[in-house]
Amino acid sequence: MPGDRSSMVRDRKKIVSLVLCMLLIASNSVWAQEPAAEGTSLLSILSAGGLLMVPIALCSLILCMFSLERAMSLRRARIIPRPFVKRILEQLKSGELEKREAYRICKENKSPIALVLAAGIRRWGKPAQEVEKAIVDAGERLGNKLRKYLKLFNGISTITPLLGLLGTVVGMIQSFNAIVITGAMGKPELLAAGISQALVTTAAGLTVAIPALIAHIYFSSRVDKLLMEVDEHGQQIVQAVCGERVNRLKRRQTSQESTRRAA
């Protein structure tokens, strides 16, 4: 349990660091633009971006929601609980567990790695290749579940800069229209609305895209590390329950019983 708690503390620290990093990048991206006039609120700056700020804001909300969801779902203590893994591997290697008992323990635990180990235990006594194939198949299914929503982060990091670029184009079109219609070349205040929209939408798009890209890279790396560890434990299960080892244990037990009887 102490190891499990320390792992949970480390995971929470990583989650907090990720969120703070995303907020810091977001604030820097917004305020890196020209300083707003005195008395101008953030809401008025965002409203200057026009209708294209709506989908960008929605992407930002979705990014925050699913970043928190993935941060909680991909905690190591949830995917690979150390006490459970240590217990079952030690008992299997020592020959303390039989197939039915080991399978029951995995089913009761219900952690993602328990499902992978249970797939190998179901092939108890089979050749090593068959046990390994069962674990690999279960690991692939687990990988698909862990990678859920990662494409969403990639999509947001791709779409929001394009929305910002579209806002830039629309804002410049408005500025040129103002020049044509009102002769605003010598009147900067008439061009301000279009230029403001061009700058704000670009900044907003990058503000959302950069954290989305960071989230995609971070969670992808997290999934890869978890799957590598699951694979390592899966290989240990293969060695523990394959037919070759089971037969050796049976022969050893038979030999020990014969020795006791002879004594």
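The values are calculated or read from the model by the stated rules, or taken from the named source; none is laboratory data. This structure is a prediction, so every number in the text was calculated from the model and none was measured. Positions of Cβ are generated from backbone atoms using ideal geometry, with glycine treated the same way; all protein chains shown enter the neighbour counts.
Could you tell me which of the residues G167, G155 is out of contact with any Cys (no Cβ under 8 Å at 6 or more places or on another chain), within 21 Å of V208 (Cα to Cα), without any contact (Cβ under 8 Å) to a residue 24 or more places away in the chain and not charged (D, E, K, R)?
Details: G167 fails: without any contact (Cβ under 8 Å) to a residue 24 or more places away in the chain.
Result of the check over G167, G155: G155.
Output the residue which, of all residues in region 48-61 that are over 22 Å from the mean Cα position of the chain (by Cα) and exposed (fewer than 13 other Cβ atoms within 10 Å of the Cβ), is modelled with the lowest pLDDT.
Within region 48-61, the subset over 22 Å from the mean Cα position of the chain (by Cα) is 48-55.
After this cut, where a residue has to be exposed (fewer than 13 other Cβ atoms within 10 Å of the Cβ) as well, the list is 51, 54.
Working: L51: 82, V54: 88.
Taking the candidates together, the pick is L51.
Output the number of the condition that R123 fails; it satisfies all remaining conditions of (1) surrounded by fewer than 21 Cβ atoms within 10 Å (Cβ to Cβ); (2) out of contact with any His (no Cβ under 8 Å at 6 or more places or on another chain); (3) not aliphatic (A, V, I, L, M).
Going through the list (1) surrounded by fewer than 21 Cβ atoms within 10 Å (Cβ to Cβ); (2) out of contact with any His (no Cβ under 8 Å at 6 or more places or on another chain); (3) not aliphatic (A, V, I, L, M), R123 breaks only (1).
Kindly indicate which of V131, V116, V136 is in contact with a Phe, Trp or Tyr (Cβ under 9 Å, 6 or more places away or on another chain), within 14 Å of Q235 (Cβ to Cβ), part of a helix (DSSP H, G or I) and of a type in the set (A, V, I, L, M, F, W, C).
Details: V116 fails: in contact with a Phe, Trp or Tyr (Cβ under 9 Å, 6 or more places away or on another chain); V136 fails: in contact with a Phe, Trp or Tyr (Cβ under 9 Å, 6 or more places away or on another chain).
Checking each option against the conditions leaves just V131.
Filter region 62-83 down to the residues that are crowded, with 19+ Cβ neighbours inside 10 Å and in a helix (DSSP H, G or I) and list them by number.
L63, F66, S67, R70, A71, A77, I79
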